[in-house]
Amino acid sequence: MTLTELRYIVTLAQERHFGQAAERCHVSQPTLSIAVKKLEQELGVEIFERSKSSVRTTPTGEQIVAQAQRVLEEASAIRDIATAGKDQLNSPLQVGAIFTIGPYLFPQLIPQLRELAPQMPLLIEESFTATLRQRLRKGELDVIIVAMPFTEPDVVTQPLYQEPFVVLLPATHKLAKLESIKPAQLKDENVLLLGEGHCFRDQVIDVMPHLAQPRGGRGKVRTHTEGSSLETMRYMVASGLGISILPLSATLGERPNSELLVTRPLNDPGALRTAALAWRASFPRHKAVDALRESILQSRLPGIA
């Protein structure tokens with residue numbers, strides 16, 4: 001039994017597909033299949049129930065996979081301890097961020113971090129909160145930048161800053177004449193939202209629950225489309241498809257089609273989000289986390305508290 005085999009079964013249990021699990025583990029499908037079968041033979045039990053269309057864990061397999069996950073986390077802690085014995089600011093830091101924070105924060109963060117910790121490059125990943133959570137637990141990321149609320153056992157979460165939501169409108173839109181916009185004024189508008197899985201989508205719906213409801217009473221959806229990224233939604237708004245709600249950081253700086261768009265504050269006490277750092281409580285490179293945090297705080301964009 002090896003750590004590699006344990007990683008294979010944990011990944012297969014998550015993906016429920018040999019091909020996808022092999023891709024995540026960066027091996028061929030036959031290599032992963034043989035390793036899983038070898039472990040099952042060594043243990044004398046079937047960890048997975050296989051069919052032509054799916055793979056699922058057996059009742060015993062669920063217990064084995066859960067224990068394997070714990071073993072991998074402990075093994076990652078050993079690597080962390082070894083790393084702590086070295087210069088904490090002299091090796092790469094693996095940082096993940098959600099899609100709606102990373103593209104806007106990293107360009108401001110990197111110059112600040114280069115000054116504070118010039119020998120500590122960042123390995124950067126952007127993904128959904130759920131994916132970042134898993135990768136942090138498995139030791140594949142050291143620190144993640146997410147939106148609150150975020151809780152996870154044995155993980156430290158520290159708020160960083162708050163930023164308000166703004167309404168993105170075509171420059172010719174009737175609401176562009178207002179200094180700020182109330183959620184009720186968007187009731188009859190075609191509001192473009194991010195797709196399922198984005199926490200920012202959920203935060204916008206929390207402020208304006210009516211966006212989750214059909215419009216028109218005949219099954220007509222409120223939004224014509226769901227954007228895959230905030231930048232995609234900017235282009236759709238510029239084209240005249242509708243309006244959108246964005247975090248303030250996503251509207252700052254020069255971008256294509258800026259002359260076609262305007263932003264207005266969303267006038268609601270709950271129309272803001274809190275960004276936070278999260279890292280495993282066992283992660284020993286405290287100076288690295290401190291340097292990252294300080295760089296973020298020094299690089300805050302205008303209007304972000």
Look through the range 1-37, keep the residues that are among the hydroxyl-bearing types (Ser, Thr, Tyr) and assigned to a helix (DSSP H, G or I), and return whichever of them is surrounded by the most Cβ atoms within 10 Å (Cβ to Cβ).
-> TYR8
Looking only at the range 22-42, which residues are of a type in the set (A, V, I, L, M) and out of contact with any Phe, Trp or Tyr (no Cβ under 7 Å at 6 or more places or on another chain)?
-> ALA22, VAL27, ILE34, LEU39
Identify, from the list ALA66, ALA75, the residue that is free of Cβ contacts under 8 Å to residues at least 40 places away in the same chain, surrounded by 12 or more Cβ atoms within 10 Å (Cβ to Cβ) and not assigned by TED's automatic domain parsing to the domain that holds LYS138.
-> ALA66
What number goes with the only condition from (1) in a loop (DSSP other than H, G, I, E, B); (2) under 20 Å from GLU294 (Cα atoms); (3) out of contact with any helix residue (DSSP H, G or I) (no Cβ under 6 Å at 6 or more places or on another chain); (4) in contact (Cβ under 8 Å) with a residue 12 or more places away in the chain that LEU141 does not pass?
-> (3)
Please specify each residue of the range 1-54 satisfying the condition of being of a type in the set (Val, Ile, Thr), over 31 Å from the mean Cα position of the chain (by Cα) and more than 13 Å from VAL65 (Cα to Cα).
-> ILE34
Within the range 82-118, tally of residues that are of a type in the set (S, T, N, Q) and at pLDDT 90 or above = 3
Any idea how many residues of the range 150-193 are modelled with pLDDT under 90 and either in a strand (DSSP E or B) or touching a His at 6+ places or on another chain (Cβ under 7 Å) (or both)?
-> 5
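The values are calculated or read from the model by the stated rules, or taken from the named source; none is laboratory data. The structure presented is a predicted model; accordingly, all values stated were derived computationally and were not measured. Heads up, the Cβs are rebuilt from the backbone with ideal geometry, glycines too, and the neighbour counts pull from every protein chain shown.
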